[in-house]
1. For the range 200-250, what is the largest minus smallest coordinate of the Cα atoms on each principal axis, given in angstrom and ordered from greatest to least?
2. Need one word for the range 229-289: rounded, prolate or oblate. Basis is the Cα gyration tensor (sqrt eigenvalues a ≥ b ≥ c); a/c below 1.5 gives rounded, then a/b vs b/c decides.
3. Stretched out fully, how many nm does the piece from residue 160 to residue 132 gain, at 0.36 nm a residue minus the Cα gap?
4. For residue 185 and residue 27, calculate 0.36 nm times their separation in residues minus their Cα-Cα distance, and state this gained length in nm to one decimal.
5. Using all Cα-Cα distances in the range 96-217, what percent lands in each 10 angstrom bin from 0 up to the longest?
6. Working only with C-alpha atoms, what are the Rg and Dmax values of the range 118-190, expressed in angstrom?
7. State, to one decimal in nm, how far the label point of residue 280 lies from the label point of residue 206, with both points 7 Å from Cα in the Cβ direction.
8. So how long is each side of the chain along the principal axes, counting just the alpha-carbon atoms, biggest first, in Å?
């Protein structure tokens, strides 16, 4: 009888979004996310990639990969000794692809962090105050959004110069409109709620209301948007590096590896296959994790 009662309570909780008794909000999100197999697979892959990026210098002796050309080991096919084969200079492609995780994830995370630190305050103020300030902010975001993501990145990198830091700055700038719009939309949904009105009535400062009451209740869509933005930035960084406007050689950024292997595509497809798979797996894992977070943080979206 108690088992049936518990099942009914679980069903009601799923339908209403009510938290389990005695369970914190973070624990409830984790409880829902664990039930999403795709999200957990994405989370495991992302955690492994982060560990690989953090400890890449410990795992690999990358100095051997930039020491020079090994003509005896040029363009070898995949084998036990070289699982991904070797490139045109005799360097182990397996090591270069795995070590490239450090570059691609760093670019994705730092550029998204720059976008977030700029876009969230601006979007929150625009959504909360509205009026003339909101119109000005949103028209600026419209102008930035009118230029394609990659094209804006090309313009900024071309102006600043092609290196990793300038690539991060460029992608951080072009990522602002999306997060700003998401933040504004989230703030608009909560700024007229009763608890916000109560905070105004008791005399809290506008700044405190935004920081302590508005933004904390907008975190769910913002966090999901940030997670998905990292995937978009990684693709864009790889695209710019492929065009020669990203991380310069001999750094093994995945887009640069794709660019280096395109001349040998017909005879040695492994040179582009494995960097491409690395990009695909990373982006897919981030998207799966982002979708899982969205469902876990907003139970109304669950089927």
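1. Taking the Cα atoms of the range 200-250, the three principal extents are 59, 17, 14 Å.
2. Because a/c hits 1.5 or more and a/b fails to exceed b/c, the range 229-289 counts as oblate.
3. 6.8 nm
4. Stretched fully, the residue 185-residue 27 segment lengthens by 54.3 nm.
5. 13, 35, 28, 17, 7, 1
6. Cα only, the range 118-190: 13.6, 42 Å (Rg, Dmax).
7. Placing both labels 7 Å beyond Cα along the Cβ direction yields 5.1 nm.
8. Projected onto the principal axes, the Cα atoms of the chain cover 76, 60, 32 Å.
Each reported figure results from applying straightforward, stated rules to the coordinates on display, with no laboratory input. Here the structure is a predicted model, which means the values were calculated and not measured. Reconstructed Cβ throughout: ideal geometry from the backbone, glycine too, with neighbour counts over all protein chains shown.
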